[in-house]
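One structure is given here, and the rest of the page talks about it.
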């Protein structure tokens, strides 16, 4: 049954681009163990196992069918500034799709992906297993260190799991996670300092940036971050000295003057001093 459902979806949605084919899968997923641990074969020949009760599964499935990625513009922007040998930190990697695409596009760069939610980190680790230039850490980055920080994960929407829960509008599960300061990882020699820092932590961005303050001051990386949960004044207050604020175009990846209508991600670009 599961094979038939997915085959139909791949034809209906993937080949013809029509809507509605996923409805039956969504209705059956809460009652089907197979749809809660469903293999998806990736181009490298290995499989990841997805839970179709969660939106992350649909991102992966639709990616393999050739759909435009939600973060296509951000990926283009990162690739445009990445030099050979660059170290890239993907903070808030969720199920690893962003890092997976970067690992394929930038084989000469080193990618470190951070995801504290163990259920989606497991997917990321499986997806990125064939790539020698990618390494995962099952932790979050914050302004301090803790082995038991509560993370709110909305049911079916792991992509908006956060340490800073506001009115999420749906039932949530609380997962205890480990968080560390990025500065501590660099100062201890556990990780190399990033040349590019990408942050998507659903409102926890200020704390994440506070935890890499010394690393930013010393290494002056290019910083990309999602600004959806931040006000304009909060975005500007976060900008390190000697940086320029830009918005990443969702469509083209172009870096333009700060404008929320253009994209949902922004960038702090280091300026010559």
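I'd like to check something: does segment 64-77 contain any residue that is outside any helix (DSSP H, G or I), at pLDDT 95 or above and surrounded by fewer than 19 Cβ atoms within 10 Å (Cβ to Cβ)?
So in segment 64-77, the residues outside any helix (DSSP H, G or I) come out as 65-71.
Adding the requirement that they be at pLDDT 95 or above leaves 71.
Filter once more, keeping what is surrounded by fewer than 19 Cβ atoms within 10 Å (Cβ to Cβ): none.
Scanning segment 64-77 turns up no residue that is outside any helix (DSSP H, G or I), at pLDDT 95 or above and surrounded by fewer than 19 Cβ atoms within 10 Å (Cβ to Cβ).
Condition first: touching a helix residue (DSSP H, G or I) at 6+ places or on another chain (Cβ under 8 Å) and either without any contact (Cβ under 8 Å) to a residue 60 or more places away in the chain or not assigned by TED's automatic domain parsing to the domain that holds residue 112 (or both). Now tell me which residues in segment 172-189 satisfy that.
Once the filter is applied, which keeps residues that are touching a helix residue (DSSP H, G or I) at 6+ places or on another chain (Cβ under 8 Å) and either without any contact (Cβ under 8 Å) to a residue 60 or more places away in the chain or not assigned by TED's automatic domain parsing to the domain that holds residue 112 (or both), segment 172-189 yields 175, 183, 186, 187.
The values are calculated or read from the model by the stated rules, or taken from the named source; none is laboratory data. Nothing here was measured: the structure is a model prediction, and the numbers come from that model. Positions of Cβ are generated from backbone atoms using ideal geometry, with glycine treated the same way; all protein chains shown enter the neighbour counts.
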